[in-house]
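What follows is calculated from the coordinates using simple rules that are stated; it is not laboratory data. Since this is a predicted model, take the numbers as computed values, not measurements. A quick note on method: Cβ atoms are made from the backbone with ideal geometry, for glycine too, and the neighbour counts reach across all protein chains shown.
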């Protein structure tokens, strides 16, 4: 909660600051370079505390969590805004976002493979995640990877700085500028509805992800060796979905593709629960159980990828419309607001998951090991939450997207208007 509250301030502020910076390194790169060392160091010490008592550990973790989040904001918001500046083409923007997400998910897969190897079970620690000895080395490798990735990204894109936009005017930083930029961004109808749609989509996705261990272990009765297969299927399908998004966006507008992705995710997420509720699901102990879950996890992952790619690409289009109306390039503000809303909705999804587990009176204790230890009514409630319940939260997304009004034709009109204004100033 503390870190999220800080994000509510730092993300939009970082957006405004990076929008208005004048330097020989452009508007975004100074912050990207500056974030590399603080983020790597704070991340390492987050997993290697030097205090042992409970109160000292709380203070340590709180401080380094905040430092890590702030350092991440220092890179993440300018980085997103920079990506939106790389092209003004309607389709190329989608392709650039897809490339970024492909690298992101690839990194996540590498992280999980590394985690499984670092924290493998031993005689002393059957649950390898409880072995404290391995955390410092694991954190050190990740921190080095973070540092190298940020520096490589910044250096690799440094040559395009002269081609990017300059600050719209010489306005000085200040509280009034931050508030003005924030208000103007939220006045944009398309952006407002896009953010609401993204939050409504993020909450159920995070909710389902947070409860996946409960569902897979106790409702679907998967073994510890089977669960990674379901998770890996979703991740690999997400990669494929990211790769397919630029191709799909050529045949439909981003708004339509986003709604298609949401429909695919909702249908795939609901289907196994619906089949079991209706009596069409095979026996849990059959070989079909794992195959069905892997299939629907893959379909859901591919659908989710379309949402993620489209949202970032659509925000870049919103920034163009904003420039037509206000004659200011504020990609940073838009992505700052978007970044915070994404974190807030994910946090809300986790919080709601915890609250619902309490509401359905999930039993706790060392004796809870299999589905037979859970009341059938509790398992049914869990399934209703993760199946129909999650889908109901997604439904308003479709209405929200009907309010988003930048399609391919509208974007072409925006680009023509921007070109005309630039020619008048020349």
Point to revise | Most to least packed among 224-231, 185-192 [average Cβ atoms within 10 Å] | key: 185-192, 224-231
Practice item. Set the Förster radius R0 to 35 Å, insert the Cβ-Cβ distance between residue 175 and residue 148 as r into 1/(1 + (r/R0)^6), and round the FRET efficiency to 0.05. Key: 0.45
Review point. In degrees from 0 to 90, rounded to the nearest 10, what is the angle of the helix 29-46 Cα long axis to the longest principal axis of the chain?
Key: 20
Practice item. Specify the angular offset, from 0 to 90 degrees and rounded to the nearest 10, of the alpha carbon long axis of helix 288-326 from the longest principal axis of the alpha carbons in the chain. Key: 20
Point to revise | Inter-probe distance in nm under a simple model that places probes 7 Å from Cα toward Cβ, at residue 407 and residue 37 | key: 5.2
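Grab the Cα-Cα distance for residue 423 and residue 109, subtract it from 0.36 nm times how many residues apart they are, and report the gain in nm with one decimal.
Working it through step by step, the gained length comes to 108.3 nm.
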Review point. Cα gyration tensor of segment 183-426, axes a ≥ b ≥ c as square roots of the eigenvalues: rounded (a/c below 1.5), prolate (a/b > b/c) or oblate?
Key: prolate
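Once Rh for the chain is found with the Kirkwood sum over Cα pairs, what is the Stokes-Einstein diffusion coefficient at 25 °C and 0.890 mPa s, in µm²/s?
105
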Review point. Simple spin-label model, 7 Å along Cα-to-Cβ: residue 275 to residue 236 in nm?
Key: 1.8
Check your understanding: What is the distance in Å between the Cα centres of segment 78-108 and segment 171-250?
Key -> 15
Point to revise | Contour minus Cα-Cα distance for residue 135 and residue 121 (0.36 nm per residue) | key: 3.6 nm
Exercise for review: Rounded to the nearest 0.05, what FRET efficiency do residue 99 and residue 376 give with R0 = 35 Å and r taken as the Cβ-Cβ distance? Could you check?
Suggested key: 0.15
Check your understanding: Percent of alpha carbon pairs in segment 51-105 separated by more than 18 Å?
Key -> 54
Exercise for review: Quick one: grab the alpha carbon gyration tensor of segment 201-244, order the square roots of its eigenvalues as a ≥ b ≥ c, and give me rounded if a/c is under 1.5, else prolate or oblate depending on whether a/b is larger than b/c.
Suggested key: oblate
Point to revise | Residue of 266, 302, 137 that the Gaussian network model of the chain assigns the largest fluctuation, springs spanning Cα pairs under 10 Å | key: 137
Practice item. Once you have a ≥ b ≥ c as the square roots of the Cα gyration tensor eigenvalues for segment 1-138, tell me rounded if a/c is under 1.5, and otherwise prolate or oblate according to whether a/b is larger than b/c. Key: oblate
Exercise for review: Kindly express, to the nearest 10 degrees and within the range 0 to 90, the angle between helix 331-359's C-alpha long axis and the longest C-alpha principal axis of the chain.
Suggested key: 20
**Study point:** Helix-only mean residue ellipticity at 222 nm for the chain, each DSSP H run of n ≥ 4 adding -39500 (n - 2.57), per residue, nearest 500
**Key:** -25500 deg cm²/dmol
**Study point:** Inverse of mean 1/r across different Cα pairs in segment 188-273, Kirkwood, Å
**Key:** 14.9
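Just order 338-346, 146-154 by mean Cβ neighbour count inside 10 Å, highest at the front, would you? Don't skip to the end; give the middle numbers.
Values: 338-346: 20.8, 146-154: 17.8.
Listed from highest to lowest mean packing, they are 338-346, 146-154.
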Point to revise | Alpha carbon Rg of segment 318-386, scaled by the compact-globule rule 2.2 N^0.38 Å | key: 1.95
